[in-house]
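**Student:** Starting off with a structure, shown below.
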Amino acid sequence: MVLDDLGSSLRGTLDRLQGKTRLDEEDVEEVVREIQRSLIQADVEIDLVMELSDEIERRALEEEPPGGTTARDFVLRIVYEEMVDLVGDSTELPLESQTILLAGLQGSGKTTTAAKMAWWFSKKGLRPAIIQTDTFRPGAYDQAEEMASRAEVSFYGDPDNDDPVEIAREGLAATEEADVHIVDTAGRHALEEGLIDEIETIDDTVDPDRRLLVMDAAIGQGAKDQAQRFEEAIGVDGVVITKLDGTAKGGGALTAVNETDSSIAFLGTGETVQDVERFEPNGFISRLLG
Ligand code: GDP
């Protein structure tokens with residue numbers, strides 16, 4: 001069965017349904033409550049949790065379990081289907097020439113993600129280049145250069161230039177030999193106008209094929225606002241969720257995906273360039289419900 005890695009309390013509740021062939025209202029309510037608790041703990045936005053659990057409840061009560069299916073498997077299947085529907089498959093990433101713009105708040109993990117993605121593309125046989133336009137955060141240039149060298153990919157940045165738009169333009173020209181251009185941008189602590197204006201201008205300049213929003217797994221209920229602002233400014237094609245090696249479950253990504261009508265592209269699972277995984281729905285859903 002799918003979702004074999006469920007958290008113990010939901011598993012316990014489901015296991016109590018083991019012998020049953022039909023679900024009564026009380027059973028369904030208990031499962032739904034357990035799911036709500038897990039998702040809220042995982043930082044999924046409350047409205048979204050309610051929408052999802054209402055739908056699970058409705059289906060579990062209204063639909064007929066297919067013949068031979070136990071009540072437990074029936075409700076588990078509904079939970080899984082509804083979660084997959086929301087989370088979706090990983091963001092499509094053709095292995096071809098492209099420009100990818102990374103956006104997000106300061107500290108979300110953009111610079112690290114740029115290097116990870118470059119490493120990932122290079123392992124797929126492409127020639128990536130990182131273009132570092134973060135002139136705002138002290139140390140961003142050195143960090144990006146160092147990580148690019150560890151990933152063994154091309155790098156462009158200019159510590160003497162404080163105009164990120166110019167760096168972006170010059171970076172694209174200077175790394176013409178590369179086929180995948182990953183443009184790292186400056187973040188701020190919050191969503192001030194300056195950040196949004198800057199990323200809009202960089203977006204116009206580099207005309208990316210894909211715009212990815214990088215989010216810390218611990219973002220929690222702030223994910224909605226952030227996703228909305230970046231969606232309005234540049235449009236978000238995919239989400240990267242970082243620091244999943246920590247305790248946060250990354251439910252904010254679900255909120256962001258829902259707000260931007262996009263999907264999850266990559267998961268960051270550590271500080272080195274190799275600590276990156278393509279998103280895969282099953283593991284992520286189990287983690288959220290765990
Ligand atoms: P930026 O300001 O968005 O460019 O963020 P950085 O890439 O500089 O990342 C901020 C901090 O988070 C750094 O100390 C990174 O090493 C760390 N970091 C980024 N991604 C991950 C991750 O997936 N796991 C862990 N444990 N740390 C990460």
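**Student:** Could you work out the helix-only [θ] at 222 nm for the chain, with each DSSP H run of four or more residues adding -39,500 (n - 2.57) and the total divided by the number of residues, to the nearest 500 deg cm²/dmol?
**Tutor:** -15000 deg cm²/dmol
**Student:** Here's a follow-up. Counting other Cβ atoms within 10 Å, which GluC sites (Glu not before Pro) in segment 232-290 have at most 14 and lie in a DSSP loop?
**Tutor:** Glu271
**Student:** Quick one: what are the phi-derived ³J(HN,Hα) couplings along segment 194-203, Karplus 6.51/-1.76/1.60 with θ = phi - 60°, whole Hz, x for glycine and proline?
**Tutor:** Each residue of segment 194-203 in turn: x, 5, 5, 4, 4, 5, 5, 5, 4, 4 Hz.
**Student:** OK, next. Starting from the 7 Å offset along Cα-to-Cβ, what nm value, one decimal, do you get for the label separation of Glu166 and Asp207?
**Tutor:** Roughly 2.3 nm, to one decimal.
**Student:** Quickly rank 27-33, 17-23, 207-213 as a protection proxy: mean count of other C-beta atoms within 10 Å, highest first.
**Tutor:** Packing order, densest peptide first, comes out as 207-213, 27-33, 17-23.
**Student:** Roughly speaking, what is the stretch gain from Lys124 to Arg37, that is 0.36 nm per residue apart minus the C-alpha to C-alpha distance, in nm to one decimal?
**Tutor:** Answer, rounded to one decimal: 27.4 nm.
**Student:** Give a residue-ordered list of calculated ³J(HN,Hα) values for segment 115-124 (Karplus: 6.51 cos²θ - 1.76 cosθ + 1.60, θ = phi - 60°; whole Hz; x for Gly, Pro).
**Tutor:** 5, 4, 5, 4, 4, 4, 5, 5, 5, 8
**Student:** Students often get this wrong, so check it: of Lys224/Lys249; Lys110/Lys243; Lys110/Lys224; Lys20/Lys249, which have C-alpha atoms separated by over 21 Å?
**Tutor:** Distance filter (> 21 Å) returns Lys20/Lys249.
**Student:** Which percent, to the nearest 5, of DSSP beta bridges fully inside the chain are antiparallel? Provide the component values of the computation, followed by the final result.
**Tutor:** On the way: 3 of 29 bridges.
Of those bridges, close to 10 percent are antiparallel.
**Student:** Please give the charge dipole size of segment 49-98, origin at the Cα centre, charges +1 on K and R Cβ atoms and -1 on D and E Cβ atoms. Round to the nearest 20 debye.
**Tutor:** Once rounded to the nearest 20, the dipole reads 260 debye.
**Student:** Within segment 38-75, name every residue whose backbone N is under 15 Å away from a label modeled 7 Å from Cα of Thr21 along the Cβ vector.
**Tutor:** It comes to 64-74, nothing else.
**Student:** Mind ordering 103-109, 9-15 by average Cβ neighbours within 10 Å, highest first?
**Tutor:** With the highest mean Cβ count within 10 Å placed first, the list reads 103-109, 9-15.
**Student:** For segment 57-87, which GluC sites (Glu not before Pro) are in a loop by DSSP, counting at most 15 other Cβ atoms within 10 Å?
**Tutor:** Glu63
**Student:** Further question: Give the long-range amide H neighbours of Thr21: residues separated by 5 or more places, or on another chain, with amide H under 5 Å away, using H modelled in the peptide plane at 1.01 Å from N.
**Tutor:** Sorted by chain and number, the residues that satisfy this are Ala71.
**Student:** Give me, ordered by chain and number, the residues 5 or more places off Ser154 or on other chains with an amide H under 5 Å from its own placed amide H.
**Tutor:** Hits under the 5 Å cutoff: Ile130.
**Student:** So, one more: Please list, in chain and number order, the residues 5+ apart from Arg211 or on another chain whose amide H is under 5 Å from its amide H, with Hs placed from the backbone.
**Tutor:** Result for Arg211 returns Leu101, Asp237, Gly238.
**Student:** Given charges of +1 on the Cβ of Lys and Arg and -1 on the Cβ of Asp and Glu, with all other atoms neutral, how large is the dipole of the chain about its Cα centre, in debye to the nearest 20?
**Tutor:** The dipole of the chain has a size of about 1160 debye.
**Student:** For the chain, evaluate the Debye formula with one uniform point scatterer on each Cα (no solvent term) and list log10 I(q)/I(0) at q = 0.14 Å⁻¹, rounded to two decimals.
**Tutor:** -0.92
**Student:** Neighbouring Cβ atoms within 10 Å as the yardstick, rank Met117, Met83 fewest first.
**Tutor:** Values: Met117 28, Met83 23.
Ranking Met117, Met83 by Cβ neighbours within 10 Å, fewest first, gives Met83, Met117.
**Student:** Let me ask something else. Can you give the FRET efficiency to the nearest 0.05 for Glu30 and Glu96, using r as the Cβ-Cβ distance and R₀ = 45 Å? Numbers along the way, then the final one.
**Tutor:** Details: r = 49 Å, r/R0 = 1.09.
It comes out at approximately 0.40.
**Student:** Diagonalise the Cα gyration tensor of segment 98-180 and give the resulting equivalent ellipsoid semi-axes, square root of 5 times each eigenvalue, largest first, whole Å.
**Tutor:** Listed largest to smallest, the semi-axes of segment 98-180 are 19, 15, 11 Å.
**Student:** Please list, by residue number, every one of the GluC sites (Glu not before Pro) in segment 191-230 that is coil in DSSP and has at most 11 other beta-carbon atoms within 10 Å.
**Tutor:** Glu192
Laboratory data are not the source of any read-out in this text; all were calculated from the coordinates shown. In this text the structure is predicted, and so the values were computed from the model without any measurement. Quick reminder, even Gly has a Cβ in these numbers, built from the backbone with ideal geometry, and neighbours come from all protein chains shown.
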